[in-house]
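Comments concern the structure below.
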Number of protein chains: 2
Amino acid sequence: MKLATYRDGSRDGQLVVVSRDLSTAHYATGTATRLQQVLDDWNFLSPQLQDLYETLNGGKARHAFAFDPSLCMAPLPRAYQWADGSAYLNHVELVRKARGAVVPESFYVDPLMYQGGSDDLLGPHDRAVFASMGWGIDFEAEVAVITGDVATGATPEDALECIRLLMLANDWSLRELIPAELAKGFGFLQSKPSTAFSPVAVTPDELGAAWQGGRVHLTLRSTWNGRPVGLCEAGAEMSFHFGQLIAHLAKTRRVRAGSIVGSGTVSNQDWSHGYSCIAERRAIETIESGAPVTAFMQFGDTIRIEMLGLDGQSVFGAIEQTVTPAG
Amino acid sequence: MKLATYRDGSRDGQLVVVSRDLSTAHYATGTATRLQQVLDDWNFLSPQLQDLYETLNGGKARHAFAFDPSLCMAPLPRAYQWADGSAYLNHVELVRKARGAVVPESFYVDPLMYQGGSDDLLGPHDRAVFASMGWGIDFEAEVAVITGDVATGATPEDALECIRLLMLANDWSLRELIPAELAKGFGFLQSKPSTAFSPVAVTPDELGAAWQGGRVHLTLRSTWNGRPVGLCEAGAEMSFHFGQLIAHLAKTRRVRAGSIVGSGTVSNQDWSHGYSCIAERRAIETIESGAPVTAFMQFGDTIRIEMLGLDGQSVFGAIEQTVTPAG
């Protein structure tokens with residue numbers, strides 16, 4: 001099934017069930033008003049939403065209305081956790097190669113992951129507001145999952161079973177703030193502002209055969225100012241699958257329902273697929289010609305991130321944001 | 001006023017108002033069932049709780065009962081954000097000096113802060129469960145605040161006005177996992193398991209004259225296995241006050257109601273005050289004699305963290321935890 005959160009003036013919005021083709025929606029009132037409620041009590045509430053979803057797909061839901069992704073908040077407008085992996089090692093290799101550094105051996109067995117802020121997640125059409133273009137504004141197109149409860153020390157296989165929903169994410173990054181912040185040694189804080197998410201979150205079964213081995217075997221399309229810049233395969237080159245990423249997070253503590261875990265920037269070794277973040281393009285330019293050529297995003301720039309299913313239809317709806325000056 | 005969250009089998013528990021002397025409590029039902037609700041709508045709901053608090057203090061609340069801190073969850077059992085500063089530079093200096101490193105100049109003007117996990121916060125009496133003593137189990141006694149909504153780019157003075165509540169925190173750290181994790185460059189994840197909080201959260205006015213300049217001018221007492229090991233002054237040597245810490249967090253994004261911001265390990269230059277984490281004791285031993293002597297915590301060890309007010313009474317109640325093996 002497909003779920004979204006409609007803006008209603010409240011902090012958590014209103015849960016809606018969305019039809020498979022993203023054409024219609026129906027309030028989930030009666031079952032739950034907020035997505036977190038459903039995640040808190042998944043086994044009891046999700047079958048009720050699944051029933052409504054099937055009725056909606058059959059065109060029989062009595063109070064269905066046209067689905068408008070511009071009215072969506074993030075599926076979880078605020079979450080109790082957002083932890084983002086860096087599962088596409090090609091991305092890590094490229095960025096390091098460009099600055100003359102090597103990838104430590106451990107990175108091939110031990111996932112890289114950072115704890116992100118989750119108190120203010122952006123909807124798919126929310127403006128991306130920044131005070132300065134000098135911060136090095138960059139998009140990062142990713143796949144993300146929402147978990148149920150995961151026990152401490154869960155195996156990757158156990159963790160896979162705890163995946164409730166999938167989404168797309170735009171993990172905004174402020175590239176010019178990153179070097180100084182990471183040099184302090186405590187990870188990202190100011191250099192990773194609020195992340196945006198796709199209009200709908202979907203259960204894994206919606207991906208059909210494209211959901212395999214904890215990976216989404218589909219193409220992630222990134223379109224910058226109307227120009228396609230990335231058609232990256234999200235499956236084959238994901239070095240750690242989502243079960244491994246969640247298990248990494250759960251090594252020393254429980255992971256509770258509603259936690260969001262990201263894949264990191266989707267990236268392919270074959271450069272002809274393009275890129276899912278500008279930093280990677282600039283790394284390639286540096287490797288090829290000694291210096292980056294492509295500038296980071298400017299005020300007014302747009303970014304669209306989308307993924308089509310095996311049937312050619314949009315799975316999650318599109319993230320479509322405009323970079324906007326503060327004030 | 002003083003607020004706590006009673007365990008009731010639910011994920012968020014039940015909000016209770018606690019008397020100033022921590023002797024009695026009263027369910028906040030009628031106003032709110034969960035603390036996050038109050039934070040979401042502070043100006044409307046907090047005066048109602050303040051009325052109940054005054055009635056309770058006057059001994060006139062009709063359904064008051066004896067307050068039992070062992071029934072408390074964390075005031076926010078799960079939060080949308082937990083960001084922990086490192087505001088006592090003496091702690092940073094000691095730990096670095098012990099390993100022969102210097103403190104970068106920037107640390108004196110730019111706060112060190114990490115984004116922590118907040119999906120599963122521990123109550124004051126919850127066992128601290130770990131799979132291995134080899135992880136280097138350490139407590140960290142801190143002061144923390146809960147914020148209201150803070151705008152992007154808020155000044156430290158603006159941010160101070162957004163502080164709703166104060167608590168104590170025990171920011172559990174797995175010292176032997178930290179070096180390898182920080183070497184990866186993305187900050188803490190596995191090495192900072194779930195943090196515990198004091199039984200009650202209090203509004204700043206409860207501190208009276210001890211709340212000054214965004215700092216708590218009181219002594220933080222840490223008692224390890226029944227032996228007092230730290231009597232550290234939390235006020236004078238806090239290099240960045242809470243307004244500065246919150247403003248640091250809000251530089252590039254909004255900070256939303258219910259965000260928890262920590263002070264970092266409370267630490268004094270005068271070593272006779274003792275320590276608020278074992279790592280600091282070990283750093284002093286290393287500086288004095290070339291090697292650490294004090295071992296990290298063992299299974300069965302207890303830690304008690306408390307702070308007395310200017311009137312000699314416990315402000316927040318005590319964190320009292322036992323280190324427990326998993327399984």
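The values are calculated or read from the model by the stated rules, or taken from the named source; none is laboratory data. Predicted model only: the values in this text are computed from it and were never measured. Note that each Cβ is placed from the backbone with ideal geometry, even for glycine, and that neighbours are counted across all protein chains shown. To get the accessible areas, we keep the full protein, side chains included, count just its heavy atoms, and leave off ligands, DNA and RNA. Shrake-Rupley method; radii C 1.70, N 1.55, O 1.52, S 1.80 Å.
Between identical copies, the spacing of A:Gly30 label points, each set 7 Å from Cα toward the C-beta atom, reads 3.6 nm from nearest to farthest.
Copy-to-copy label distances for B:Glu176, where each label lies 7 Å from Cα along Cα-to-Cβ, are 4.5 nm in order of increasing length.
On average, how much accessible surface per residue is there in the stretch A:45-115, in Å², for a 1.4 Å probe, leaving out ligands, DNA and RNA? Kindly include the intermediate steps, with their values, before the conclusion.
Working: 3090 Å² over 71 residues.
I get 43 Å² per residue for the stretch A:45-115.
Centroid-to-centroid, using Cα positions, the stretch B:141-194 and the stretch B:24-77 are 25 Å apart.
The amide H of A:Leu122, built 1.01 Å from its N in the peptide plane, has A:Thr195, A:Ala196, A:Phe197 as neighbours under 5 Å, considering only residues 5 or more places off or on other chains.
Helix-only arithmetic for the protein assembly as shown: the sum of -39500 (n - 2.57) across DSSP H runs with n ≥ 4, divided by the residue total, places the mean residue ellipticity at 222 nm at -5500 deg cm²/dmol.
Computed 3J(HN,Hα) for the stretch B:68-82, one whole-Hz value per residue from the Karplus formula 6.51 cos²θ - 1.76 cosθ + 1.60 where θ = phi - 60°, is 10, x, 6, 9, 8, 8, 4, x, 10, x, 8, 10, 7, 7, 9, glycine and proline marked x. Remark on the stretch A:227-258: accessible area falls by at least 30 square angstrom from chain-alone to full-complex state for A:His248, A:Lys251, A:Thr252, A:Arg253, A:Arg254, A:Arg256, probe 1.4 angstrom.
Only Cα pairs under 8 Å and 6+ residues apart enter the sum, and on that basis the relative contact order of the stretch B:10-154 stands at 23 percent. Could you tell me the relative contact order of the stretch B:1-92? Use alpha-carbon pairs under 8 Å, at least six residues apart, and round to a whole percent. Averaging sequence separation for qualifying contacts and normalising by length gives 33 percent for the stretch B:1-92. Database remark: amide H of A:Val229 closer than 5 angstrom to the amide H of A:Ser222, A:Thr223, A:Trp224 (H placed geometrically; neighbours at sequence offset of 5 or more, or on other chains; Pro and chain starts carry no H).
Quote the total accessible area buried by chains B and A together, excluding ligands, DNA and RNA, probe 1.4 Å, nearest 100 Å².
Working: alone 13970 and 13960 Å², together 23300 Å².
Using a 1.4 Å probe on protein heavy atoms, the buried area is about 4600 Å².
Modelled spin-label separation between A:Asn225 and A:Asp8, with each label point placed 7 Å from Cα along the Cα-to-Cβ direction: 4.0 nm.
The dipole here belongs to the protein assembly as shown: it is taken about the Cα centre, uses +1 on the Cβ of Lys and Arg and -1 on the Cβ of Asp and Glu, and is about 160 debye.
Report the paramagnetic label zone for A:Arg99: residues of the stretch B:184-208 whose backbone N is under 12 Å from a point 7 Å from Cα along the Cα-to-Cβ axis. The answer is B:185-186, whose backbone nitrogens lie closer than 12 Å to the label point.
Think of the axis that spins chain B onto A; the B residue whose C-beta lies nearest it, and the distance in whole Å, is B:Gly187, 1.
If you roll a 1.4 Å probe over the protein assembly as shown with all protein chains in place, what percent of the accessible area is carbon or sulfur?
Details: 11800 of 23300 Å².
Accessible surface attributable to carbon and sulfur in the protein assembly as shown totals 51 percent.
Taking 20 Å as the cut-off, the amide N atoms of the stretch A:116-131 that come nearer than this to a point 7 Å along the Cα-to-beta-carbon line of A:Thr294 belong to A:128. Within 10 Å of the Cβ of each residue in B:174-185, the mean number of Cβ atoms contributed by other protein chains is 3. Taking θ as phi - 60° and the Karplus parameters 6.51, -1.76 and 1.60, the scalar couplings of the stretch A:160-170 work out to 4, 5, 8, 7, 9, 9, 10, 8, 9, 9, 10 Hz in sequence order, x denoting glycine and proline.
Averaging the Cα positions of each part gives two centres, and for the stretch A:222-257 and the stretch A:265-327 these lie 15 Å apart. Quickly work out the A:Gln212-to-A:Ser106 label distance, labels modelled 7 Å from Cα along the C-beta direction, and quote it in nm with one decimal. That separation, rounded to one decimal, is 3.4 nm. Working from Cα pairs under 8 Å separated by at least six residues, relative contact order for chain B is 23 percent. Solvent-accessible area per residue in the stretch B:231-327 equals 35 Å², computed with a 1.4 angstrom probe and all protein chains kept.
The phi torsions of the stretch A:145-157, fed into the Karplus equation with coefficients 6.51, -1.76 and 1.60 and a -60° offset, translate into couplings of 10, 10, 9, x, 6, 10, 6, 4, x, 4, 6, x, 5 Hz, rounded to whole numbers, with Gly and Pro shown as x. Close amide H contacts of A:Thr5 (hydrogens built in the peptide plane, cut-off under 5 Å, sequence separation of 5 or more or a different chain): A:Val16, A:Met73. Each other copy holds its own label point for A:Gln212; taking that point as 7 Å from Cα along Cα to Cβ, the gaps run 6.9 nm, nearest first.
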